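Below is one structure; the comments refer to it alone.
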């Protein structure tokens, strides 16, 4: 994420109206999603925060937890175009970006190159099992995520706006996969863990999916609404004490920093970089906006710490031997790092 100046705080009436509209829309969005996707409220919340913070997500969970259904349903509720890409070992970059072909004019017989768009030209992309495809194709996707454009045959092509990539990984089967390197994982704002449903939710899933009932969804927002609200999120003011709190959390994950506690120095090989601090602040702003608030708090920063930091902390062999995960480290840091007094 490139550095940018902090947008001016909310003040105009149109920004206040957007926040009120967003808070009201969230009730409808959650209600519509719950008609198709049962449970997973935390996952839905984290995805919505990332969308309105203009970030990308990687979802980690075993097969059959409705990850594809959730993303597809969300695209319909938000009135966004949706494409699903099943990543496989033989997938090439041109298969996702598009390619140039020679076409002959039927009248003049003149031949020329035309560009055939790939599935990346949509608002919401589900990159299913991104670790199944070779690094060259992964890099093409991640370049599009960062630049919001692709280059084919020396020509640049802008992608649709808004543009979100929601990638999935299966944490069980790793044989024959191409794990994303840390530098590429860092491009994702959130790593969202999709867990098993509760017994009550699982029974409700069976009842909802084993009959003949069809669900008709009601669109709640448009792409233009989302772009406007993303701009409003950036204008939510954040006090210096929150910047300091976000920086303290991120810096404490780095074992070579003086601020790092002893358990981090013993269990962590590499900590989070500055992009984590940026996403902690942006995630806090988006969470505040979803709740209709014109200000972010330390609770907002703490609430997004797990999805922001878990894929940016690399634990060592000592941690693995003791069963300590990145989530364990983050929770201990949240307990240890004092929250600032709100002003």
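When only Cα pairs below 8 angstrom with a gap of at least 6 residues are kept, the chain shows a relative contact order of 23 percent. Note on the chain: GNM, Cα springs under 10 Å; of 198, 28, 222, the largest mean-square fluctuation is that of 198.
For the range 8-235, with equal point scatterers placed on the C-alpha atoms only and solvent neglected, what are the log10 I(q)/I(0) values from the Debye formula at q = 0.09, 0.15 1/Å, to two decimals? The Cα Debye sum returns log10 ratios of -0.44, -1.07. Panel note: the C-alpha atoms of the range 120-216, placed on their principal axes, show extents of 53, 36, 22 Å (largest first). Between the helical axis of 13-34 and the longest alpha-carbon principal axis of the chain there is an angle of about 80 degrees.
Shape summary of the range 8-119, radius of gyration then Dmax from alpha carbon positions: 20.4, 59 Å.
Per-residue ellipticity at 222 nm, computed for the chain from helices alone with -39500 (n - 2.57) per DSSP H run of at least four residues, works out to -13000 deg cm²/dmol. Counting only DSSP beta bridges with both residues in the chain, the antiparallel share comes to about 45 percent. Between 303, 183, 50, the residue with the greatest mean-square fluctuation in the GNM of the chain (Cα pairs under 10 Å linked by springs) is 183. Evaluated at q = 0.24 Å⁻¹, a Debye calculation over the C-alpha positions of the range 280-343 (equal weights, vacuum) places log10 I(q)/I(0) at -0.99. With everything on Cα atoms, drop me the angle between helix 135-147 and the longest principal axis of the chain, reported from 0 to 90° to the nearest 10. For 135-147 against the chain, the angle is about 80 degrees.
Pairwise Cα separations in the range 236-338 fall into 10 Å bins from 0 onward with the following percentages, short to long: 17, 49, 26, 8, 1. Can you classify the range 155-209 as rounded, prolate or oblate using the Cα gyration tensor, where a ≥ b ≥ c are the square roots of its eigenvalues, rounded means a/c under 1.5, and otherwise it's prolate if a/b beats b/c and oblate if not? Oblate shape, in that a/c is at least 1.5 and b/c is the bigger or equal ratio. Comparing mean-square fluctuations of 213, 266, 86 from a GNM of the chain with C-alpha springs under 10 Å, the top value falls on 213. Can you give the angle from 0 to 90° between the axis of helix 199-209 and the longest principal axis of the chain, with both taken from C-alpha atoms, to the nearest 10? Taking Cα atoms only, the helix is inclined about 10 degrees.
Only the coordinates and a few stated rules stand behind these numbers; no lab work does. Everything numeric in this text was worked out from a predicted model, so none of it was measured.
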